[in-house]
């Protein structure tokens, strides 16, 4: 598909969003910049943009085939994705299958235990406030989404989990937890943003080696190698740039 890229609409921590010659389409450009702890830690992960773009495209295509509406339209290049333009809902949705990260910190339960059934959490998408956790009543108070929309978001987040977990397990990846963002395309709710090692905790199913952004957050080293391993397992072709 051919589109003409116009001016920059927004630059975030991991992506740049560009307008196109169609008012209904935008282009996401995936950067190698990495941040953690609400941008208090910054760095670069070589090849990250390529990995996140291609992995996200592969998983959006999978979800689309399973009937989950997404903003994905096409892959334009190694770092560029054509997407439907959305009015993003300012809620970050976290689905947790395994105790890890802030869930372990908040509960005092050791990392690694299963979460059955999965837990769905909502966070207010606000850098200024540090993305605080919110509940259904807070969503209503802030006017972020209607009760029917929030029910659809929760149900769809669990549906996404039901598709991704077995798909990743077949590739020897344990889906520990992941973040989703949704938006409105007119009156229709749609899954947006990305699904990648930046937004998912992914552990090797046998060794529990971390193959995600935690390697950057926790200074574990071999960050690029971890991202490339996820790329190989989900996309193939020997990894980006190889």
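For beta carbons closer than 7 Å, sequence separation of 6+ or different chains, a first residue in the range 176-191 that is outside the structural domain of residue 211 (by TED's automatic domain parsing) and a second that is modelled with pLDDT under 95 and assigned to a strand (DSSP E or B), there are no qualifying pairs. For the range 1-21, the set of residues classified as over 15 Å from residue 72 (Cβ atoms) and part of a loop (DSSP other than H, G, I, E, B) consists of 2, 4, 12, 13, 14, 21, listed by residue number. What do you reckon, is residue 153 touching a residue at least 60 places away in the same chain (Cβ under 8 Å), in contact with a strand residue (DSSP E or B) (Cβ under 9 Å, 6 or more places away or on another chain), closer than 16 Å to residue 193 by Cβ and in a strand (DSSP E or B)? No, not satisfied. With respect to residue 211, is the statement that it is modelled with pLDDT of 95 or more and not assigned by TED's automatic domain parsing to the domain that holds residue 177 true? When the stated conditions are applied, residue 211 does not pass them. Within the range 109-136, residues that are loosely packed, with under 13 Cβ neighbours inside 10 Å sit with their Cβ atoms under 7 Å from residues that are at pLDDT below 95, at 6+ positions apart or across chains, in these pairs: 127/38; 130/38. No other residue among 73, 68, 119 is in contact with a strand residue (DSSP E or B) (Cβ under 7 Å, 6 or more places away or on another chain), at pLDDT 95 or above and in the same structural domain as residue 196 (by TED's automatic domain parsing) apart from 119. Mind checking which residues of the range 59-72 are crowded, with 18+ Cβ neighbours inside 10 Å, in contact (Cβ under 8 Å) with a residue 60 or more places away in the chain and over 16 Å from residue 155 (Cβ atoms)? Answer for the range 59-72, where residues must be crowded, with 18+ Cβ neighbours inside 10 Å, in contact (Cβ under 8 Å) with a residue 60 or more places away in the chain and over 16 Å from residue 155 (Cβ atoms): 59, 60, 71.
The values are calculated or read from the model by the stated rules, or taken from the named source; none is laboratory data. Computed from a predicted model, the values in this text were never measured in an experiment. Don't worry about glycine lacking a Cβ; one is built from the backbone with ideal geometry, like all the others, and counts go over all protein chains shown.
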